[in-house]
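See structure below.
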Amino acid sequence: MTIRVQTGDFDVGAEIAALRQGDARIGAVAAFIGLVRDINDGSQVNRMTLEHYPGMTERSLERIVLEAKTRFSVDHALVIHRVGELLPTDQIVLVVTAGGHRGDVFAACEFIMDFLKTEAPFWKKEQGAKGDSWVASRQSDDDAAARWRDKAV
């Protein structure tokens, strides 16, 4: 399990290669890459600033990944989340899971991302043509996480 919160960009191919290097148990890898969009809820976005609570954020991500590993048969998981100022098309987050079979690997990747969106302490401020605004949580994100709570471990 690798968790990183960083300002710098990441190389998806290099991260996946490092995660699975030499592990013959791996038959499937799933990845999610979140990007900065240039529009949100109909408003132009010129820049996004992501903030976090150092230490607490990493512990929250570790708990989420450990929960995913207890629910699903995955051998490896990686979460990289960027903070600081980002521009449209910049990468924000990378979640990668790897294991023996695609079903568990896909589910674990989705589980981690759903809970990252709702439980990890990150705050987003968008700057655009209408000024600066903090991004509010979305009901759709809460709904996505809630469906996992209804499923037994």
For the stretch 111-134, give me the residue count where each residue is more than 9 Å from the chain's Cα centre (by Cα) and either assigned to a helix (DSSP H, G or I) or over 23 Å from ASP38 (Cβ atoms) (or both). 5
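If I ask for residues that are over 20 Å from MET56 (Cα atoms) and β-branched (Val, Ile, Thr), which ones from the stretch 99-125 would you list?
Filtering the stretch 99-125 down to residues over 20 Å from MET56 (Cα atoms) leaves 99-110.
VAL105 - this is the single residue of the stretch 99-125 that is over 20 Å from MET56 (Cα atoms) and β-branched (Val, Ile, Thr).
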Taking the stretch 106-153 and the residues there that are among the charged types (D, E, K, R), over 17 Å from PHE72 (Cα atoms) and at pLDDT 85 or above, the one that is surrounded by the most Cβ atoms within 10 Å (Cβ to Cβ) would be GLU126
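When the stretch 18-49 is examined, which residues are found to be more than 14 Å from the chain's Cα centre (by Cα) and closer than 21 Å to GLU62 by Cα? Steps first, please.
Going through the stretch 18-49, the residues more than 14 Å from the chain's Cα centre (by Cα) turn out to be 18-29, 37-49.
Matches in the stretch 18-49: ALA18, LEU19, ARG20, VAL29.
Any residue at all in the stretch 15-29 that's surrounded by 14 or more Cβ atoms within 10 Å (Cβ to Cβ) and under 19 Å from ARG138 (Cβ atoms)? Break it down into steps so the answer makes sense when it comes.
Narrowing the stretch 15-29 to residues surrounded by 14 or more Cβ atoms within 10 Å (Cβ to Cβ): 15-16, 19-20, 26, 28-29.
So of that shortlist, the ones also under 19 Å from ARG138 (Cβ atoms) come out as none.
Checked against the condition, which is being surrounded by 14 or more Cβ atoms within 10 Å (Cβ to Cβ) and under 19 Å from ARG138 (Cβ atoms), the stretch 15-29 yields no hits at all.
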Residue selected from the stretch 113-153 under the condition aliphatic (A, V, I, L, M) and out of contact with any strand residue (DSSP E or B) (no Cβ under 8 Å at 6 or more places or on another chain), by the criterion nearest to ILE92 (Cα to Cα): ALA136
Considering (1) touching a residue at least 40 places away in the same chain (Cβ under 8 Å); (2) in contact with an Asp or Glu (Cβ under 7 Å, 6 or more places away or on another chain); (3) among the basic types (Lys, Arg), say which one ARG102 fails and leave the rest. (2)
When only residues in the stretch 35-60 that are hydroxyl-bearing (Ser, Thr, Tyr) and touching a strand residue (DSSP E or B) at 6+ places or on another chain (Cβ under 6 Å) count, which is nearest to PRO121 (Cα to Cα)? THR57
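The values are calculated or read from the model by the stated rules, or taken from the named source; none is laboratory data. It should be emphasised that the depicted structure is a prediction, and the values quoted were computed from it without experimental measurement. Reconstructed Cβ throughout: ideal geometry from the backbone, glycine too, with neighbour counts over all protein chains shown.
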